[in-house]
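**Student:** Let me begin by handing over the structure; questions about it come next.
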Amino acid sequence: MREEGNLHALELDRVTVRFPDGEGWTDALRDVSLDLALGEFLAVTGPSGSGKSTLLAVAGLLLTPTEGAVRLAGADVTDNPARTRTDLRRNDIGFVFQQPHLLGSLTALEQLQLAARLDGDRSKATTARAKELLEQVGLGNVMHKRPSALSGGQRQRVGIARALMGDPRLLLVDEPTSALDHERGIAIIDLLRDLTIDRGLGTLVVTHDLGTLCPDDEVVRLVDGRLGRLAEQVPAAAP
């Protein structure tokens, strides 16, 4: 775990994202402020069209807000040039997608090795790091299997391990349980929560599936582009 105390992985300061809509404009995000510290796990929920995808795009430096500021590790990156933003995504941000999009011809280990090589890392340490991560996500005994031989939960774990290959500060996760049954969904959320603490990550998870969360998890809700605390208590996950 990093020794950086309460340093923030991500800060959104009064972020608004406005898109043209016919002859007018639509606010996908409205005056959104959010602080995510290293070691903090935060879930974002809300109905379809509420701005969750836009929030992830802003946090992942894929979209520049119309108004407001974005800071990573305390540094304002709102108006950084495209090349700098690309480098930040490569080095400081990990993405876990709704579907892991694994290559069918590659083993779990090779998926991680490829991710590192695409970033220019061809060192011998890459394989050792990939094996360590696969062990950490519970796939040490299947790292030489291809996706067709893995369960849905195992494939999602490969995607999580791949997102960690660059040793990011910030982990952005988009609906990681949507294709999984309830039990495997709970296991994936538990894994993300554990990795957040063990690796000192700031983890932002977008999810509709509140049943996979614990009552102690911090949850915020997006509605019509506005962010607020979830009023109702998060239901306890089934044993």
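Please treat every number below as a calculation from the coordinates, not as lab data. Keep in mind that this is a model prediction, so the values were computed, not measured. Backbone-built Cβ (ideal geometry, glycine too); neighbour counts: all protein chains shown.
**Student:** Mean separation of Cα pairs under 8 Å and 6+ residues apart, divided by the residue count of the chain: what relative contact order is that in percent?
**Tutor:** Result for the chain is 28 percent.
**Student:** Rounded to the nearest 5, what % of DSSP beta bridges with both residues in the chain are antiparallel?
**Tutor:** 55
**Student:** Considering the dipole of region 8-229 built from charges on the beta carbon (Lys and Arg +1, Asp and Glu -1) around the Cα centre, which of SER123, ILE93, VAL205 is farthest to its positive end?
**Tutor:** SER123
**Student:** Then there's this: Count the net charge of all other residues whose Cβ sits under 13 Å from the Cβ of THR203, scoring Lys and Arg as +1 and Asp and Glu as -1.
**Tutor:** Net charge around THR203: -4.
**Student:** Right, next: Pairing the Cα long axis of helix 82-92 with the longest principal axis of the chain, what angle in degrees results, from 0 to 90 and rounded to the nearest 10?
**Tutor:** Here the helix axis deviates by roughly 50 degrees.
**Student:** Between the alpha-carbon centers of region 115-181 and region 27-100, tell me the distance in whole angstrom.
**Tutor:** 22
**Student:** Could you work out the helix-only [θ] at 222 nm for the chain, with each DSSP H run of four or more residues adding -39,500 (n - 2.57) and the total divided by the number of residues, to the nearest 500 deg cm²/dmol? Provide the component values of the computation, followed by the final result.
**Tutor:** On the way: 6 runs with 72 residues, N = 239.
After summing the helix terms and dividing by residue count, I get -9500 deg cm²/dmol.
**Student:** Which net charge results when you count Lys and Arg as +1 and Asp and Glu as -1 among the other residues whose beta-carbon is under 13 Å from that of LEU102?
**Tutor:** Details: positive: LYS145, ARG146, ARG155, ARG157, ARG162; negative: GLU110.
Once positives and negatives cancel, what remains is +4.
**Student:** How do the peptides 157-166, 202-211 rank, highest first, by the average count of neighbouring beta carbon atoms within 10 Å per residue?
**Tutor:** Numbers: 157-166: 23.9, 202-211: 21.4.
Averaged packing, sorted descending, gives the order 157-166, 202-211.
**Student:** If you don't mind, another one. Please state the charge dipole magnitude for the chain, taken about the Cα centre, from unit charges on C-beta atoms (+1 on K and R, -1 on D and E), reported in debye and rounded to the nearest 20.
**Tutor:** That gives the chain a dipole magnitude of about 980 debye.
**Student:** Here's something else I'd like to know. Taking the Cβ of GLY51 as the centre, find all other residues whose Cβ is under 13 Å away and add up their charges (Lys, Arg: +1; Asp, Glu: -1).
**Tutor:** Result for the neighbourhood of GLY51: +2.
**Student:** Along the principal axes of its C-alpha atoms, what lengths does region 98-160 span, in descending order and rounded to whole Å?
**Tutor:** 30, 20, 19
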